[in-house]
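Derivation of every value follows stated rules applied to the coordinates shown; laboratory data play no part. These numbers come from a predicted model, not from an experiment. Here the Cβ is made from the backbone with ideal geometry for all residues, glycine too, and neighbour counts use every protein chain on show.
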Amino acid sequence: MARLIAVSNRVPKPGERYTSGGLSVALRNALERRGGLWLGWSGQIQDETVSEPRVTTQRAHNVDYVTVDLTKRDEEEYYNGFANRALWPLFHHRPGLTEFARRDMAGYYRVNQTFARILAPLVQPDDVIWVHDYHLIPLASELRSLGLKNRMGFFLHIPWPAQELFSILPNHARLAINLINYDLVGFQTKPHMDNFITYLKDEMDTKVEGGELEAFGRRTQLGVFPISIDTQEFIQFARAPRSAIARRLEHSLEGKILALSVDRLDYSKGIPQRIEAIGRFLELYPEYKSRFTALQVAPTTREAIPEYAEINREVAEAAGRINGRFGDIDWAPIRYVNKSIGRSALAHLYRAAKIGVVTPLRDGMNLVAKEYIAAQDPENPGVLVLSRFAGAAKELRGALLVNPYDIDGVAHALRSACEMPLDERLSRFLPMYAHLKKFNVHRWTDDFLSALMREPQLALTA
Ligand code: F6P
């Protein structure tokens with residue numbers, strides 16, 4: 001079996017088994033099965049004066065974890081700059097927040113070159129390389145320019161934007177050509193893939209047939225691979241005896257309806273709009289005052305970036321405003337916490353919540369929506385209120401699908417969720433539950449890797 005090499009911006013710690021999310025668990029599983037290597041940023045910053053990046057290798061269960069320290073300048077230009085102030089907002093349809101600087105773009109390419117330079121000597125001829133997410137789009141080009149001919153796949157975890165938006169990037173053509181250097185490019189949903197195909201046809205006059213494109217003497221396969229969760233693991237977490245945090249929560253609720261949201265504190269998640277919708281719900285249906293509690297769990301993220309400091313302030317103000325307006329001396333409609341909660345405790349919180357509220361303005365997939373379903377009691381499930389702009393909405397058709405910009409619409413959906421009888425909850429829930437049992441993260445890993453290994457790379461004659 002070919003050895004697998006995974007590359008992602010962040011790499012989990014070798015011993016860390018359950019804290020870093022389903023994707024890490026699944027990739028680690030695939031790496032351990034085949035033997036492999038995982039390369040990415042260590043999260044550490046090294047002194048600018050050191051000429052070579054510090055590389056640390058740790059081996060555990062058949063896998064080499066190779067992490068690279070970056071300089072402060074790398075972090076600013078590559079991670080905070082081009083990846084998170086140019087690509088992230090634009091790919092989430094927020095051109096107004098997009099800050100493009102040539103210096104950042106150069107830093108982005110420089111870090112990709114550094115990763116390629118460190119990885120290339122570690123690669124054996126039949127290794128298969130799987131690169132993850134928008135931080136590393138140019139990696140295959142950099143590896144190919146160092147002479148590597150291995151099969152290389154890329155999976156984009158976030159949306160691919162509409163052509164008009166992507167072409168705002170001054171280096172859009174270069175990035176698109178970077179993607180063509182992979183053998184397989186995977187997207188979360190068909191509309192994301194179609195956006196890329198439209199761009200290729202219109203801007204690069206490239207032919208795409210049967211999901212395969214031919215350009216610059218190469219053939220690249222495109223495909224849709226909706227990422228998922230370790231469904232069985234979540235089901236087991238949710239069935240296990242309740243953790244202390246879940247008992248504290250249930251005790252404090254005193255029988256009130258719980259509507260739960262869990263998001264990184266990111267402007268793409270639609271948290272201020274959601275809080276407004278909760279206010280509208282209480283305004284339209286005052287009978288729910290003192291009977292309803294919304295819990296927003298939102299660990300802070302990417303704090304060095306000004307737009308993230310701004311969303312932090314905005315959410316805190318919105319929650320304070322709604323609590324001030326609708327709350328009472330013994331009840332506040334919104335509980336807002338900035339910490340992250342471990343996955344097994346989270347499963348209990350999901351199960352305690354009659355409503356899961358997942359309303360991003362745009363999202364590649366959104367695994368919280370899937371985790372919420374997996375954690376429900378199959379005999380008495382809750383209701384998922386889900387943004388139609390999350391990739392998960394393409395699969396979780398039993399959710400109450402909402403437009404997160406439509407505050408009244410979300411308020412009405414919250415009411416429907418509160419009132420929904422058991423038979424309707426079951427008929428919505430059961431097909432989603434069955435779907436997630438079948439299409440779990442292991443299936444996702446296997447599907448992507450078998451597609452990557454299926455087609456031999458065909459060099460076209462010029
Ligand atoms: O889903 C997009 C993504 O950037 C992932 O690549 C990453 O693991 C996650 O969001 C968290 O982002 P960050 O590593 O910037 O905190």
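One table, with the values for the structure above:
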item: Karplus (6.51, -1.76, 1.60) ³J(HN,Hα), θ = phi - 60°, over region 397-402, in Hz, Gly and Pro reported as x; result: 6, x, 6, 7, 7, 10
item: Beta bridges per DSSP with both ends in the chain, % antiparallel, nearest 5; result: 20 percent
item: Hz values of 3J(HN,Hα) by residue in region 198-210 - Karplus curve (6.51, -1.76, 1.60), Gly and Pro given as x; result: 4, 4, 4, 5, 6, 8, 10, 6, 9, 8, 10, 10, x
item: Antiparallel content of DSSP bridges confined to region 172-321, in %, to 5; result: 40 percent
item: C-alpha long axis of helix 441-454 to longest principal axis of the chain, angle in °; result: 20 degrees
item: Region 343-462, dipole about Cα centre (Lys/Arg Cβ +1, Asp/Glu Cβ -1), debye to the nearest 20; result: 140 debye
item: Which of 176, 361, 329, positive extreme of dipole for the chain (C-beta unit charges); result: 329
item: Ascending count of other beta-carbon atoms within 10 Å, so fewest first, for 447, 47; result: 47, 447
item: Extended-chain gain in nm, criterion 0.36 nm per residue less alpha-carbon gap, residue 405 and residue 177; result: 78.6 nm
item: Long-range HN-HN contacts of residue 292 with modeled amide H, under 5 Å; result: 257
item: Computed FRET value (nearest 0.05) for residue 168 with residue 331, which takes r as the C-beta separation and R₀ as 41 Å; result: 0.35
item: Loop-located GluC sites (Glu not before Pro) in region 35-89, at most 14 other Cβ atoms within 10 Å (DSSP); result: 48
item: Lys, Arg +1 and Asp, Glu -1 on Cβ, resulting dipole of region 363-420 about Cα centre, debye, nearest 20; result: 180 debye
item: Sequence-separation-based contact order of the chain, relative, with Cα cut under 8 Å and 6+ spacing, percent; result: 14 percent
item: 22 Å Cα-Cα threshold exceeded, pairs from 13/370; 13/394; 269/394; 13/437; 207/438; 13/339; result: 13/370; 13/394; 13/437; 207/438
item: Residue order, fewest to most surrounding Cβ atoms within 10 angstrom, among 157, 61; result: 61, 157
item: For residue 42, distant residues with modelled amide H under 5 Å away; result: 68, 69, 70
item: Cα gyration tensor shape of region 93-160, rounded if a/c is under 1.5, else prolate or oblate by comparing a/b with b/c; result: oblate
item: Hydrodynamic radius by Kirkwood, which averages 1/r over all alpha carbon pairs of region 103-256, in angstrom; result: 18.0 Å
item: Karplus-derived 3J(HN,Hα), 6.51/-1.76/1.60, for each residue of region 290-296, Hz, glycine and proline x; result: 6, 10, 9, 10, 9, 10, 10
item: Cα long-axis angle, helix 422-438 against the chain (0 to 90 degrees, to the nearest 10); result: 20 degrees
item: Nonlocal amide H pairs with residue 229, under 5 Å, H built at 1.01 Å; result: 441
